[in-house]
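No value in this document is a laboratory result; all are computed from the given coordinates. Remember, it's a predicted structure, so these values are computed and weren't measured experimentally. Cβ: placed from backbone, ideal geometry, glycine included. Neighbour counts: every protein chain shown.
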Amino acid sequence: MKLKLTLRALPVVLTALTGASILHTTAARADDAVPANTVAAGIYQIFYHVKADDLSGPFVPPGVNIDLKDTRTAYFGYFRRLTSYLDLELAFGVPPETKTVGKGPATLGSVPYAGATIATSKWAAPSALLEYKFFSESTALRPYVGVGVNYTSFYDRDVTAAGQAGTGGPTRLSLTSSVGPVGTVGLKYRPGTRWSVFASYSISRVDTNLKTDTAGEIRTTHVAFRPQALVVGAGYSF
Amino acid sequence: MKRFRSALGAIAAAMLVAACGSDTQTSVENPSTSHGTLVENPPVRIASLNATDFQTQLASTGASGQQLLQLTGSPQCGVDFYYLKFYTLGGAGEVTMSSGALMVPTGAAGTCSGPRPIVLYAHGTQTNKTLNIADITNTSNTEGALIAAMFAAQGYIVVAPNYAGYDISTLGYHPFVNAAQQSGEMMDILAAARTALPKTFAASTTDSGKLFVTGYSEGGYVAMATQRALQTAGATITAAAPMSGPYALEAFGDAIFYGDVDIGSTIFAPLISTSYQHAYGNIYTATTDVYSTQYASGIDTLLPSATPIDTIYANGQLPELALFNSTTPVVTIPNNPTLSTVLTDALAVPGSALNPGIPNDPRTPLFASGFGSPGLITNDYRVSYVLDAAGNPDGAVPTPVAGVPLAATAPTQSLRKALNLNDMRTGPWAPAEPTLLCGGDQDPTVFFSVNTQTMQAFWSTSPAAAYVSVLDVNATPAAPWTTLQATFQASQAQLLAFYESTAGGGLSPEAAEEQVIAAYHTNVAPFCSLAARIFFSQF
């Protein structure tokens, strides 16, 4: 069954996850010395594996497509210990500025296209994950897996001068927000009760309907960004 | 629990901060619908080609592109193609959006930027409602490529409407050869283009103040009507070059109704009747007043159309050639048997025993092909028109009068009255700036003698005569057009030889000549356009 979440469903999911944490925390806290809350910081390295339909609309030659440059940003997270095996992670980062580059013909007319940075936008992309940690809590090095949901919205959407040369003038860029599943695998090392370091690799589904408006000429495409994120970070528990 | 809520709050706050920020916006939309208003400023640039890429693109379109380049010369400038949307008025004064092209020369050469002259261009008749002359990415946009190569790539800013009724226009018809509407639309797009020009990517290319007006076929007529309207408005025109246009509309209509059926007449007929019906409301009560029952239904909304014209022919919605019925109508004028006989004979199929036509005129078989059964226009309607033409004759048709060939003074038939009203001889007007009328004397689509030479004769007296010159590309080569005329005639000879060759189908000389004549109107266009550019370059 395909998991289909809408933006409207996101609060429900978060509430459910939060509610679960409260119930499980109550049960686990009595016999557990590991603090329940952990804040973490680190580095996100995001790799995009973009799959987009060719841009369609007036005056668009065949084969015009887009790609994204990989990016890096700061990671911040909050972990809530639910049981000795389950954590809830709320992951977010400083919204990275992504650079959209042209893909397809080398030029549109005489305007350079393929490889040119045609647009930039920032991503607010928090994720909530329920993670299962292997081994007992007394083990310092614990691998974990997790599943959850990602919500992505795009803002500061700017079409660059090179992009405007391609679209034909000042252009408004719209990207619909995305809600999709996210999965992660990671390894956490906790030498004591307070500090930990970890690394994880996540895959999420982030889709959007892209629309440009240049003097009333509308061009559209559907983009699956398929981001994969490597996070290396450290946490402090309290 | 409290800490957990605080952490969520921090995340929410971070997201809220993250959600702020400005996005790039598109062009400013002008809410006014006054005619001449540019809708979006800056307009969208459809394509930008530098001189090298433009030459490569033209050359890649095959022999036609290479021949065009031979005529136009290599592009000296790049060209930016902008798609203008503007408001104009329809044939009955309806507010409608229309569209067109603004082609801006680009490049470092001095002739490609800075103050540059504007060529205001009107295109020829198109059946394709989706026509967008600005869309250089469409390989079927040959006229757009022609004017871009001929004018824009040589340093002229080009402004050209698609016309109301085409492309995005919501007008349900095209105001075909409606002088007031079409000249008004030309002035509207000129105003819109002048508004757009400073906002384009090539803002360093500016309007020098020189204005040249030209156009081909229907556009030749529109160019002349625009020249008149601009003069009337007190605007500055540097020079004009109407080309192969139906300027003397009444005389042209008379020639056709008498039986000289031009190529394309079954397209022109519904365009013109619909245009004038919307403008004047008196062409017909029902379309069956004009058209055979086989074609009458829906003909008032048939053209222009997104459906290819060949499909329209194949669907039986329009005859390809047969404008009139091949069964000759018998004209009966009470108490005038002589005139009745003369007119009956005149309405017979050209080349027939009753109406043999001019001996050895290669156009006679073409005229004859305009007859069939049932024919697009009814015999009754044809007779009603011809009776008016006979009773209120035009000065140029059927026999040009000595001196200035005036239009009829008192036409009574509604179509003929409309043609008279829109005839360029109507109204106290004559060119007051250098004007070149270009065409080819064998043109079977828009007759040169009836239109161009009629206007030449009409303006043969002072002071207009000093401004008006005529170029017949098919005349014996003579200065200052020796090379151009010789080149045109050589191209016609090559085409004739091609049709007679195995590669061209191995046609007989007569059949090959018919093929050449059939394509004549189209083939004259680039030569007259070159003549217009050479003419404009003097000023």
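If a paramagnetic tag sat 7 Å from the Cα of residue B:338 along the Cα-Cβ line, which residues of segment B:384-398 would have the backbone N under 20 Å from that point? The answer is B:387-394, B:398. By the count of other C-beta atoms within 10 Å, a proxy for reagent exposure, B:262, A:67 are ordered fewest to most as A:67, B:262. Each of B:330, B:450, A:231 has some number of other Cβ atoms within 10 Å of its Cβ, and from fewest to most they run B:330, A:231, B:450. For residue A:91, the shell of other residues with beta-carbons less than 13 Å away shows a net charge of -2, using +1 for Lys and Arg and -1 for Asp and Glu. Helix content alone sets the calculated 222 nm mean residue ellipticity of the protein assembly as shown: runs of n ≥ 4 DSSP H residues at -39500 (n - 2.57) each, divided across all residues, give -9000 deg cm²/dmol. For the pair residue A:185 and residue A:234, label points projected 7 Å from Cα toward Cβ lie 2.7 nm apart. Of the residues B:107, B:229, B:256, the one whose Cα sits farthest towards the positive end of the charge dipole of the protein assembly as shown is B:107 (charges of +1 on Lys and Arg Cβ, -1 on Asp and Glu Cβ, taken about the Cα centre). Between segment B:382-456 and segment B:212-228, how far is it from one alpha carbon centroid to the other, in angstrom? A separation of 16 Å, based on Cα centres. The fraction of all Cα pairs in segment B:182-231 landing in successive 10 Å bins from 0 to the largest distance is 24, 46, 27, 3, given as whole percents. Note on residue B:139 and residue A:147: the model spin-label points, each 7 Å out from Cα along the C-beta direction, lie 5.1 nm apart.
Taking all Cα pairs closer than 8 Å and separated by 6 or more residues, the relative contact order of chain B comes to 13 percent. In this simple spin-label model, placing a label point 7 Å from the Cα along the Cα-to-Cβ direction at both residue B:94 and residue B:232 gives a separation of 2.2 nm.
Taking the inverse of the average 1/r across all pairs of different Cα atoms in chain B, what Kirkwood radius in Å do you get? For chain B, the Kirkwood estimate is 24.7 Å. Couplings for segment B:498-504, taken from phi via the Karplus curve 6.51 cos²θ - 1.76 cosθ + 1.60 with θ = phi - 60°, read 4, 5, 7, 7, 4, 4, x Hz in order; Gly and Pro are left as x. Under the shape rule built on the C-alpha gyration tensor, where the axes satisfy a ≥ b ≥ c, segment B:316-361 is oblate, since a/c reaches at least 1.5 while a/b does not exceed b/c. For chain B, the longest principal axis of the C-alpha atoms and the axis of helix B:218-233 are separated by about 70°.
With respect to chain B, whose longest principal axis is taken over its alpha-carbon atoms, helix B:249-258 is tilted by about 50°. For residue B:376, the residues whose amide H sits under 5 Å from its own are B:323, B:324, ignoring neighbours fewer than 5 places away on the same chain, with H placed 1.01 Å from N. Helix B:265-280 versus the longest principal axis of chain B: what is the Cα-based angle in degrees, 0 to 90, to the nearest 10? Taking Cα atoms only, the helix is inclined about 70 degrees. Charged neighbours of residue B:164, selected by a Cβ distance under 11 Å, balance to -4 (K, R count +1; D, E count -1). Compared with the alpha-carbon gap, the fully stretched path from residue A:74 to residue A:49 is longer by 7.0 nm at 0.36 nm per residue.
Note on segment A:161-238 and segment B:299-371: Cα centroid distance 70 Å, given to the nearest whole angstrom.
One quarter of the surface of the convex hull around the alpha-carbon atoms of segment B:225-306 equals 7.7 nm², the direction-averaged projected area.
Once the C-beta distance of residue B:511 and residue B:460 is scaled by a Förster radius of 51 Å, the resulting FRET efficiency is 0.85 to the nearest 0.05. Which entries of A:122/A:211; A:211/B:199; A:69/A:211; A:99/A:188 have Cα-Cα distances beyond 25 Å here? Those over the limit are A:99/A:188. For residue A:51, the aspartates and glutamates whose Cα falls under 13 Å of its own Cα, not counting residues fewer than eight places away in the same chain, are A:67, A:207. The Cβ shell under 15 Å around residue B:430 holds other residues with a net charge of 0, Lys and Arg each +1, Asp and Glu each -1.
For the protein assembly as shown, evaluate the Debye formula with one uniform point scatterer on each Cα (no solvent term) and list log10 I(q)/I(0) at q = 0.05, 0.08, 0.11, 0.12 Å⁻¹, rounded to two decimals. Result of the Debye calculation: -0.39, -0.74, -1.12, -1.28. Among DSSP beta bridges whose residues both lie in chain B, state the antiparallel percentage, nearest 5. Roughly 50 percent of the beta bridges in chain B run antiparallel, per DSSP.
Anisotropy class assigned to segment B:272-393 is oblate, per the alpha carbon gyration tensor with a/c at or over the 1.5 cut-off and a/b no larger than b/c. Computed from backbone phi, the HN-Hα couplings of segment B:361-371 come to 6, x, 7, 4, x, 5, 4, 5, 5, x, 10 Hz, rounded to whole numbers (Karplus: 6.51 cos²θ - 1.76 cosθ + 1.60, θ = phi - 60°; Gly and Pro given as x). With a/c under 1.5 counting as rounded, go ahead and sort segment B:28-208 into rounded, prolate or oblate using the C-alpha gyration tensor (a ≥ b ≥ c being the square roots of the eigenvalues; past the cut-off, prolate if a/b is larger than b/c, else oblate). Oblate.
The ranking of B:278, B:35, A:49, B:123 from fewest to most other beta carbons within 10 Å of each one's beta carbon is A:49, B:35, B:278, B:123. Once Rg and the Kirkwood radius are both taken over the C-alpha atoms of segment B:107-164, their ratio Rg/Rh works out to 1.01.
Here segment A:39-237 is treated as a sphere whose radius is the Kirkwood value from Cα pairs; by Stokes-Einstein at 4 °C and 1.567 mPa s it diffuses with a coefficient of 72 µm²/s.
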